[in-house]
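Written out below as structure tokens is the structure these notes cover.
The values are calculated or read from the model by the stated rules, or taken from the named source; none is laboratory data. Remember, it's a predicted structure, so these values are computed and weren't measured experimentally. Neighbour counts are summed over all protein chains in view; Cβ atoms, including those assigned to glycine, are modelled from backbone coordinates with ideal geometry. Keep in mind that these areas ignore ligands, DNA and RNA; they rest on the heavy atoms of the full protein, side chains included. Shrake-Rupley method; radii C 1.70, N 1.55, O 1.52, S 1.80 Å.
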Amino acid sequence: MITLQHYLILSAILFCIGLFGALSKKNAVAILLSIELMLNAVNINLVAFTKFLTPGELVGQVFAIFVIVVAAAEVALALAIVIAIYRQRNSVAVEDLDWMKW
Amino acid sequence: MSVLDNLFVKIAALVRTTLTGLGLGDIWVNLAMVILYLAGILGVMMTAALVLVLVERKIAGFIQLRPGPNRVGPWGSLQTVADTIKLLTKEDIIPACADRKVFMLAPVLVLVPTILAFAVIPFGKGMIATDVNIGIFYLIAVSSLATIPFLMAGWSSNNKYSLLGGMRAVAQMVSYEVPMVFSLLGVVMIVGSLQMSAIVEAQSKVWFVLLQPVAFLIYVIAATAECNRAPFDIPEGESELVAGVFTEYTGMKWALFFLAEYANLVLVSAIATTMFLGGWHGPVLPGWFWFFIKTSIMIFFFMWMRWTFPRVRVDHLMHFGWKFLVPLSLANIFITGIGVYLYKTIGW
Amino acid sequence: MGMPLLSIIVLAPILGALIILFIPENEDRIIKWVAALFTGVSLIASIYVYVSYDQAKGGLQFLEDIPWIEKFGINYSLGVDGISLPLVLLTAIVIFTGVFASWGMTKRVKEFFIFLLTLVAGVFGVFVSRDLFFFYLFFEVAVIPMYILIGVWGSTRKEYAAMKLTLYLLVGSAFALIGVIAVYLYTGLGTFDIQALTAFKYDPFFQKFAFFLMMVGFGFLVPMWPLHTWSPDGHVAAPTAVSMLHAGVLMKLGGYGLVRAGIFLFPEGAVFWSPVIGLLCIVNVVYGAMVAMAQKDLKFVIGYSSVSHMGYVLLGIAALNTISINGAVAQMFAHGIMTALFFALVGVIYDKAHTRVIADFGGLAYQMPRVATGFVIAGLASLGLPGLNNFVAEFLIFVGAYKTYPILAILAVSGVVITAVYVLRVVQKVFFGPVNPKWADLTDAKGAQMVPIVVLCGVLILFGFFPSLLIDVINNGVDPFVNTYLKHITVGGGF
Amino acid sequence: MNFTLISPEILTTALAFFVLMVSLMIPKEQRRGLSYVTTLGLLGILGNLIYLLGVNDTFLDGMYIVDSFSTYFKILIVISAIFVSMISTEYVDKELPGIMSEYYSLLIFAVLGMMILVSAGDVITLYMALELMTLSFIALVGFGKGLKKSSEAAIKYILLSALSSALLLYGLTLVYGLSKSPLLVKIAKYVANAPTLEPVMILGLVFVLAGFSFKISAVPFHMWAPDVYEGAPTPVTAFLSVASKGAGFAVLLRLFMQAFTNAEAWMPIVVTIATLTILLGNYVAIPQTNIKRLMAYSGIAQAGYILLGLIAYSNSGLEAAMFYAMLYVFSNLGAFAVITVMGKEIQSDEIEDYSGLWKRSPLMAATMLVCLLSLAGIPPLAGFYGKFYLFTAVMEQGYLWLVFVALAMSLVSVYYYLMVAKVMYLHDPKEPSTIPVSLSMKVTMIVTLVITVFLGVYPDPLTNVAVSVVRVFLP
Amino acid sequence: MLQQYGAIGLFFIFGIIFGFAALATNWLLRPKKPHQVKLETYECGMETIGETWVQFKINYFLYALVFLVFDVETIFLYPWAVTFQKLGFFAFVEMFIFLAILVVGFWYAWKEGAFEWQ
């Protein structure tokens, strides 16, 4: 039987992978993808909590929808900026962003 | 009559009892049933595609006042078989500078969304593979996946025509997805459920094409564009892009794209039937036959459109989608909302 | 209640600054007159307060009380007693004469006077406030204008000196601030009123802790060795009026604070730490005097002499008896006047000669007799000649200190001898001796420049001949306190 | 449902859409007037908020809390938005041509996000509002098409902010899982009744703290601040530095003083963060040559000071933090008004280019001096009283060493602020021309200047407001 | 519930298998005679010049952005559409406000020329 723990562990693993990716990747888009992974880990958490702890309520699901929406907005904005950066200097690697002291 | 009406359902029930009688576990029985459904759907799809290729060419000929295929078999009826054999034995070429993995994967994936979508289409009373409670939502989600293989194909070919075709395909499919989704929303608002069976049930008295004529119109237009069919076939517009995304594809890979196109045509017609034309409801004849008839009419309609209208220019296409269909579909939602609300509260 | 005289004293300079803010930049003359006018108002008010202070009644008078910040029980409460009165007067005199000493100012006059008047308002505020919060607030008000005054109008490494001075003063004030907050929280009275806080019984450990904070904090200001290095640099770099105010008044804030917020609040702590202060102040006296002897720059001589003289003040405070504290306060007053006079005179000389190097001068007395006269008077005051104000003060300190720390008192007297050596050497080298032909066409001080010389000399002599005018008032503030809080405590021994 | 409770939010939304829609109907050249519309509209909202001050109620079953505390911070946010709107007019016109309407509507959307953020009564609302604010800010930061560094700043900001949001969100979900409800009230109830500290709760708290540390730019999540401050258009930097920080603090204080009442669990972390923030912010500010970077590091240090209010964990601490956040608005915005004018007129943010400012524009020099000194905590300016308030509150709880550190560091801050003052007042101008200051700029400068001085000399009115707010907030 | 989605999972798997099976059949039957010229990129017989994977028009991105807005909005609209008959007047008006806000955004995108294909 699949219990809450399974979901939580899955989400924790996903979160850690995302976190690792976000911290170790050089490409801005890859970092964004990693962050999306983290947000999805959050969604798993939310839905699992609601399903197992407060069945019948939909709080977690609604929260998850909001998270998805925000993630979409974030990515849209980020990609716009990435494109702007790429047009300026033909690279989206974060270590190339050195016009200012880091 | 009722025997005929429930013919396929009965067969399914029979198979199920037989399997259970053999002492198989519940899971295995269900698995076998799903495979059975799948085989049925695939069979129908393949057959339909094979037939439709010929039908389309015949209709084209009819519309353009020429005979169409007429050499292989009587009235050219074996033309498709010949084509299939040719395609199966054709040499397969992968361009040297293509992105091999993606290039391979794109034709494999192109059929998947369509097959997935068929899982929730009610072909007749009780003839639905899996009646999930978020049917339409699922349909929309799955059908938007179809853009990805196109982009993959266009990108991986490493050919300028392909890339341009791929980009156009994505832009177009994405743009027309919005009005399509909104047009289906009108139906959902009236029904109050996302389940396909419930939607069909709701049309037992009156078809939604009468309640939602605008939505139906929008749907038909948008669906044509979703299938990349003329007059919205600019992704493969041979007059400008050679063959668009398919330029570098040969043999079976190309055949898969081709197959997917016709499977898609069947799919959108089936959805139109389910959502607007009362699904399998109809007098006298068995439900699945009604469904077949309605879908066929829709398919004919789409073909008719294809051979009647000239190809739309790319900018006109986008303008039409965003500046006409989207506002129109939004307005449709507003009006439907108000209408339904008034109907419910005042009781018109 | 009548006229809020103390508020007038504090606010007149601020009002002056505001008025100057709206005077066009190139109207130098008007600006100077406005400054003189408003400092004059303060001076007149101070004199009036000083004269009409009711000695029979004693204690704090001219009280003003306005609730200010409810949350902390902070009140805008002013009042003067015997200790603050002379210092208010001192400030008023020095700033009034300081304005005249800067009459020759031509560079960015408007801003100069704005900052100068702001600075002086802060100094007045410290002396008249009865609320520990305002006491601290006013003190810090004085710091930043000082930075800009020295930085812009100063000379000799001015930016370095200005920054050093500011940071040192702020470090000191930070210690004091922690002390202030600690007292507030410890008492739990919900008030910053000094009287109320004085009446509170603190436990000995807290007294030692808090007094240490105050000692370090105000020690930076006094300046106590080894926290003194900002002061000579600052004195030298500052423009004349600021030097006058700085050496004459600002350093007294430290002494005043040590008495007011140190000894008065934490008598037991004071007793505990008094040997330390005593020892350090002897270093001040002797070391300051020695270093002064070795200086080549006229202003540095005076700067280090201030360090040395403030050592006496500390000694008086460390001895913790009525006489010595009387002496300490009197010394603050006397040294303020004297050193202001010094700086005013050096300012005049520098204005004309554009150098302050002692070795360059010689026989200036022939060209500038008035300056020479003033300088000699100041010099004599500095070495404690009877008949001048300083003598009285130093005498009281020695007498008082001898009771508590005999050895230290004797050592301190030796400082007077060293002072005599360097003062006379400077007077001899600069004003007498062979005439340096380079300075043949120097002119004497005149006009506005005479105002500080005359006034300050006059004050020195006045209080020199009539010390009771000063000492009675001071005693009025010190004696009741010592009798209440320090009577039963034995101080000293060992030194 | 009592809609008057959320009338400011409704009005703000309406204003944002009004600005956007009007701009669609009028030609590009005439959009300059939108700044006045924004300013006036925000003034109206400010009035509405002041009218609401004192109302304590909840909306939507506790999902939305309208109390004096939130109203106070909304006032703070709207005030800063008004000033920013005023200092933006010419800057946007000249430096960011053609985006007047987007700029102002995004500005108002950011305000809206922050207003909802400080009122959030459950973690969903909180998260949504936080993102609305952040995304608006990112767009604002990335606006400078002509400014080379703008997009770089924006990408850094969005990457780090998305990362921190994810951390925060993960922490919030853990807390939600424990308390079984997203409502802060329920979380508080759970925390109060929890017998022991679960490891999950600690993990959640750490993530939440990490997320908020980013928003308030506290060490070790401060790295974005200098770059973003430098790269963003100056008025945006100003807004970012005061309003987003203020809102971040508001929600941080609400979360940690009302919901996570298990102070012993997180206090060590907060103390460490605050100490490091104060130390690093002040030290790294010293070698800066760019005024915006200097302000960034000073802002980091100031965040550390405000955190002291949380460390005190008492009524006074909260009051002090509220007071400080408010005065920080005026002092910082005054300084940024000057920086904006300078950036526009001399095209430089280097401190050395400010030399002789006293001569080129006495008003600007005076404003800059007073505001910086206020930030440094020199009396009789507002900053001093704010610091005094904070230190008293912290010392009351026995953190004597922390006060020592904080005071020592504020002396360090005096040093670098005075270095700016030195360049402005002590050095001679590189070129003698006077710098023109427009009317709205003048008004901004004078108002911030006067309020900074006034709050320092007579802080009683604001203190009383803070006291009365806190009395309701933490009875 | 889970079974329904299990069926979908099977559909997915078999869909992929079908594709691969078709390719495999082809692989078995087809001739293999590679030649350099055959493997060249087709460009109507011309030599290919330059990179294919170049930057393309910003228009595509703008469409994608606007699509994203509407697509995400769908998540909210569909649940509402299902239940709005039961939710009453408030939800009804609320969603129309939501839609109105969306329309403003749409209007903005239109005016700013996001839908102009240049």
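Annotations for the structure displayed:
- All conditions in (1) open to solvent by 10 Å² or more (accessible area, probe 1.4 Å); (2) more than 30 Å from D:Gln258 (Cα to Cα); (3) not in a loop (DSSP other than H, G, I, E, B) hold for D:Phe143, with the sole exception of (3).
- Residue in the range C:233-244 that is open to solvent by less than 10 Å² (accessible area, probe 1.4 Å), within 13 Å of the chain's Cα centre (by Cα) and within 19 Å of C:Ala330 (Cβ to Cβ) present: no
- The listed residue being within 30 Å of B:Leu65 (Cβ to Cβ) and out of contact with any strand residue (DSSP E or B) (no Cβ under 6 Å at 6 or more places or on another chain), out of B:Val326, B:Val284, B:Val340, B:Val268: B:Val268
- Scanning the range B:76-112 for residues that are part of a helix (DSSP H, G or I), open to solvent by 50 Å² or more (accessible area, probe 1.4 Å) and either within 17 Å of E:Trp27 (Cα to Cα) or of a type in the set (Phe, Trp, Tyr) (or both) yields a total of 7.
- When we screen D:Leu15, D:Leu40, D:Leu46 for residues that are away from chain E (no Cβ under 14 Å), in contact with a helix residue (DSSP H, G or I) (Cβ under 7 Å, 6 or more places away or on another chain) and among the aliphatic types (A, V, I, L, M), the only hit is D:Leu46.
- Subset of the range B:132-154 [at pLDDT below 85, open to solvent by less than 10 Å² (accessible area, probe 1.4 Å) and either of a type in the set (Lys, Arg) or under 16 Å from the mean Cα position of the chain (by Cα) (or both)]: B:Gly135
- Residue count, the range B:57-72 (criterion: closer than 24 Å to B:Gly251 by Cα and open to solvent by 30 Å² or more (accessible area, probe 1.4 Å)): 5
- Long-range neighbours under 7 Å by Cβ, at least six apart or interchain, first residue more than 9 Å from chain E (Cβ to nearest Cβ) within the range B:100-116, second assigned to a helix (DSSP H, G or I) and crowded, with 24+ Cβ neighbours inside 10 Å: B:Val102/B:Ser156; B:Phe103/B:Ser156; B:Ala106/B:Pro149; B:Ala106/B:Ala153; B:Ala106/B:Ser156
- Number of residues in the range D:43-74 that are on the phi > 0 side of the Ramachandran plot and either at pLDDT 90 or above or open to solvent by 20 Å² or more (accessible area, probe 1.4 Å) (or both) equals 3.
- Scoring B:Trp75 on the criteria (1) within 11 Å of another protein chain (Cβ to nearest Cβ); (2) over 24 Å from B:Tyr176 (Cα atoms) leaves a single failure, condition (1).
- Selected residue (criterion: modelled with the lowest pLDDT) from residues of the range D:406-447 that are surrounded by fewer than 16 Cβ atoms within 10 Å (Cβ to Cβ) and among the β-branched types (Val, Ile, Thr): D:Thr434
- Every residue from the range D:269-291 that is over 15 Å from D:Tyr328 (Cβ atoms) and either crowded, with 24+ Cβ neighbours inside 10 Å or without any contact (Cβ under 8 Å) to a residue 12 or more places away in the chain (or both): D:Thr272, D:Ile273, D:Ala274, D:Asn282, D:Ala285, D:Pro287, D:Ile291
- Selection from the range C:5-32 of residues that are more than 15 Å from C:Thr118 (Cα to Cα) and either β-branched (Val, Ile, Thr) or surrounded by 15 or more Cβ atoms within 10 Å (Cβ to Cβ) (or both): C:Leu5, C:Leu6, C:Ile23, C:Asp28, C:Ile30
- One residue stands out among those in the range C:107-129 that are open to solvent by 10 Å² or more (accessible area, probe 1.4 Å) and at pLDDT below 85: the one that is farthest from D:Phe384 (Cα to Cα), which is C:Lys107.
Residue-wise test of (1) within 22 Å of C:Ile83 (Cα to Cα); (2) touching a helix residue (DSSP H, G or I) at 6+ places or on another chain (Cβ under 8 Å); (3) among the small types (Gly, Ala, Ser).
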| position | (1), (2), (3) |
| --- | --- |
| C:Leu170 | no, yes, no |
| C:Ser173 | yes, yes, yes |
| C:Ala176 | yes, yes, yes |
| C:Val180 | yes, yes, no |
| C:Leu189 | no, yes, no |
| C:Gln195 | yes, no, no |
| C:Tyr202 | no, yes, no |
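- Qualifying residue in the range D:192-204 (condition: in contact (Cβ under 8 Å) with a residue 40 or more places away in the chain, under 18 Å from the mean Cα position of the chain (by Cα) and away from chain A (no Cβ under 14 Å)): no
- The residues on offer are D:Thr125, D:Thr173, and the sole one that is more than 22 Å from the chain's Cα centre (by Cα), assigned to a helix (DSSP H, G or I) and more than 17 Å from D:Phe214 (Cα to Cα) is D:Thr173.
- Among the residues of the range C:145-167, those identified as out of contact with any Phe, Trp or Tyr (no Cβ under 8 Å at 6 or more places or on another chain), part of a helix (DSSP H, G or I) and open to solvent by 10 Å² or more (accessible area, probe 1.4 Å) are C:Lys158, C:Glu159, C:Tyr160.
- Residue in the range B:245-254 that is of a type in the set (Lys, Arg) and crowded, with 23+ Cβ neighbours inside 10 Å present: yes
- Residue that is most open to solvent (accessible area, probe 1.4 Å) [pool: residues in the range B:5-38 that are under 19 Å from B:Phe289 (Cα atoms) and within 14 Å of another protein chain (Cβ to nearest Cβ)]: B:Tyr37
- Residues satisfying the stated conditions in the range B:156-188, i.e. more than 7 Å from chain E (Cβ to nearest Cβ), touching a residue at least 40 places away in the same chain (Cβ under 8 Å) and open to solvent by 10 Å² or more (accessible area, probe 1.4 Å): B:Tyr161, B:Leu164, B:Arg168, B:Met180
- Residues located in the range C:371-415, provided they are of a type in the set (Val, Ile, Thr) and open to solvent by 30 Å² or more (accessible area, probe 1.4 Å): C:Thr373, C:Val376, C:Ile377, C:Val399, C:Ile407, C:Ile410, C:Val413
- Residues in the range D:123-157 that are touching an Asp or Glu at 6+ places or on another chain (Cβ under 7 Å), modelled with pLDDT under 90 and facing another protein chain (nearest Cβ under 9 Å): D:Lys149, D:Ala153, D:Lys156.
- Residue among D:Ser70, D:Ser101, D:Ser88 that is assigned to a helix (DSSP H, G or I) and more than 23 Å from D:Val236 (Cβ to Cβ): D:Ser70
- Conditions (1) crowded, with 18+ Cβ neighbours inside 10 Å; (2) closer than 26 Å to E:Phe98 by Cα; (3) within 14 Å of chain E (Cβ to nearest Cβ); (4) more than 22 Å from the chain's Cα centre (by Cα); number of the one not met by D:Leu5: (3)
- Any chance B:Val191 is over 21 Å from E:Gln85 (Cβ atoms), open to solvent by 20 Å² or more (accessible area, probe 1.4 Å) and free of Cβ contacts under 8 Å to residues at least 24 places away in the same chain: no
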